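Data block below; observations after.
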Amino acid sequence: PFVPPRLAPDTDADRLKAGLRAAYATYAARLLATRPEALDSILLPHPILGRLTLREMAFFTLYHVRHHHAAIRRDAGLE
């Protein structure tokens, strides 16, 4: 259920990359603007890992994005 559909051959990859960069920049800016004590007191749901603090979710998100970036580079023959 967590596997996304394949992209159509005519998908604009540059537009997708720009959208991801913009979304991640917004996410990072909002995270940096969060009060430090909130990072350990706000709980967020994760469908597999359960409830995580905002700090745990931030670290997980960083790892997850890097994991997928490496997989894309590997599949594209760039590594």
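Summary of computed values
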| quantity | calculated |
| --- | --- |
| Failed item in (1) loosely packed, with under 11 Cβ neighbours inside 10 Å; (2) of a type in the set (A, V, I, L, M); (3) in a helix (DSSP H, G or I); (4) modelled with pLDDT under 90, with Ala29 passing the rest | (4) |
| Evaluation of Arg55 against (1) basic (Lys, Arg); (2) open to solvent by 90 Å² or more (accessible area, probe 1.4 Å); (3) modelled with pLDDT of 95 or more (one fails), failing number | (2) |
| Sole exception among (1) open to solvent by less than 60 Å² (accessible area, probe 1.4 Å); (2) touching a residue at least 40 places away in the same chain (Cβ under 8 Å) for His46, by number | (2) |
| Tyr63, sole failed condition from (1) closer than 21 Å to Val3 by Cα; (2) open to solvent by less than 60 Å² (accessible area, probe 1.4 Å) | (2) |
| Total residues in region 27-79, condition touching a helix residue (DSSP H, G or I) at 6+ places or on another chain (Cβ under 7 Å) and of a type in the set (Lys, Arg) | 1 |
| Residue within region 3-22 that is at pLDDT 95 or above and either part of a helix (DSSP H, G or I) or hydrophobic (A, V, I, L, M, F, W, C) (or both) present | yes |
| Some residue of region 45-56 being of a type outside the set (D, E, K, R) and in a helix (DSSP H, G or I) | yes |
| Filter result (over 23 Å from Phe2 (Cβ atoms) and not in a helix (DSSP H, G or I)) within region 32-44 | Ala33, Thr34, Arg35, Ser41, Ile42 |
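The values are calculated or read from the model by the stated rules, or taken from the named source; none is laboratory data. Keep in mind it's a predicted model, so treat the numbers as computed, not measured. Cβ atoms come from the backbone with ideal geometry, glycine included; neighbour counts cover every protein chain shown. These accessible areas exclude ligands, DNA and RNA; they are computed on the full protein's heavy atoms, side chains included. Shrake-Rupley method; radii C 1.70, N 1.55, O 1.52, S 1.80 Å.
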